[in-house]
Structure formats: C-alpha cells, structure tokens
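Heads up: the structure comes next, in structure tokens.
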Amino acid sequence: MNSHSHALKFYSLLATVAFITSCSQNEPQTLVTIADARSHKAVVTDTGKPGDSVGNILTFDQPLLDTNGTKIGNNSGACIRTNVAHSFQCQWTLTLEDGSIQVAGREFDEGISQLAIIGGTGQYAGITGNMESVNNGDGTFTQTLHFWNR
C-alpha cells in the first residue's frame with residue numbers, strides 16, 4: 001500500500017468519525033414531566049361574556065413532577081382563550097433546579113397539544129425543540145419535551 005492509499009483510508013476514517021459524531025449530536029434529548037394541577041388549580045379570569053368565552057385568561061403556578069411523582073420544579077404561565085370549548089394560546093415556564101424552559105403554542109382542551117420550546121436559561125440556554133402536552137383527565141398533564149441543547 002502506498003502513502004496515497006494510506007492518506008485516503010485515513011481521510012475516509014476521519015470523515016466517518018465526523019459523520020457519526022454529528023449524527024449523535026443531532027439526536028434529541030427527552031424529558032418527561034407531570035404538571036400537577038390537582039392541588040394548585042388554574043385560575044380563570046372572565047374578561048367578556050360570562051362563562052367560557054374568547055379572551056378569558058387562564059393563569060397557573062403548579063408543582064412540576066417527574067414520572068415517579070417527585071417534585072422537580074414549577075410549571076407557571078398564562079393562556080388566553082382563543083376558541084371556545086376547544087383551545088387556548090399559551091406561554092409558560094418549566095422551572096427546574098438547573099434552569100428553566102419556556103414553551104408557547106396552542107393548548108387544546110382535549111388530546112395532544114404540540115408546543116414550541118422557545119428558550120431556556122441555565123443548563124437549558126440555547127434549547128430548541130417541541131413539547132407534547134396531554135391532559136390526563138385527573139388534574140395532571142404529561143409534558144414530553146424533545147429538545148436539542150446547543
């Protein structure tokens with residue numbers, strides 16, 4: 001084997017390692033949390049017609065739990081009713097020991113909501129991704145975050 005062949009093999013190996021490294025950095029991280037609205041219920045401020053109506057404001061500051069039920073932080077934010085008996089436009093912060101994650105988007109009354117992760121602080125500075133929020137029907141919401149941290 002000549003030196004040109006060795007160089008080609010070396011650069012081929014180097015390119016493969018670089019590709020594998022870049023692929024592994026592109027894999028999202030996942031964090032599953034439970035927002036517990038059972039003991040700290042959201043407050044609805046009725047801004048228009050009595051009852052459920054467009055423009056009503058929902059505010060909340062609730063314990064944030066891990067999947068074992070251990071408190072890991074707070075889930076705090078606000079939503080504006082945009083579609084009666086259907087959905088809110090929301091923004092909230094998941095505050096954890098090592099930083100916070102901000103999310104925003106449409107939260108449906110039922111089913112799975114997809115929200116954007118719009119920023120973070122501390123360990124989560126530079127975070128991007130999305131969050132799935134599911135109303136569990138028991139006063140809790142499962143929030144599954146899929147994210148990349150730069």
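Some observations on this one:
- Taking every alpha-carbon pair within the stretch 44-98, the share separated by more than 13 Å comes to 63 percent.
- In order through the stretch 121-128: 3J(HN,Hα) via Karplus (6.51 cos²θ - 1.76 cosθ + 1.60), integer Hz, x for Gly, Pro: 10, x, 4, 9, 4, x, 5, 9
- In the stretch 102-150, Cα pairs under 8 Å separated by at least six residues give a relative contact order of 31 percent.
- Cα centroid separation - the stretch 51-77 against the stretch 114-134, whole Å: 16
- Of the peptides 38-44, 139-145, the order by per-residue mean of other Cβ atoms within 10 Å, starting with the highest, comes out as 139-145, 38-44.
- Sequence-separation-based contact order of the stretch 31-150, relative, with Cα cut under 8 Å and 6+ spacing, percent: 21
- Enclosed volume per residue, in Å³, of the convex hull spanned by Cα atoms of the stretch 19-150: 109
Read-outs: derived from the displayed coordinates by stated rules, not from any lab. Just so we're clear, the structure is a prediction, and the values are computed from it rather than from any experiment. Quick reminder, even Gly has a Cβ in these numbers, built from the backbone with ideal geometry, and neighbours come from all protein chains shown.
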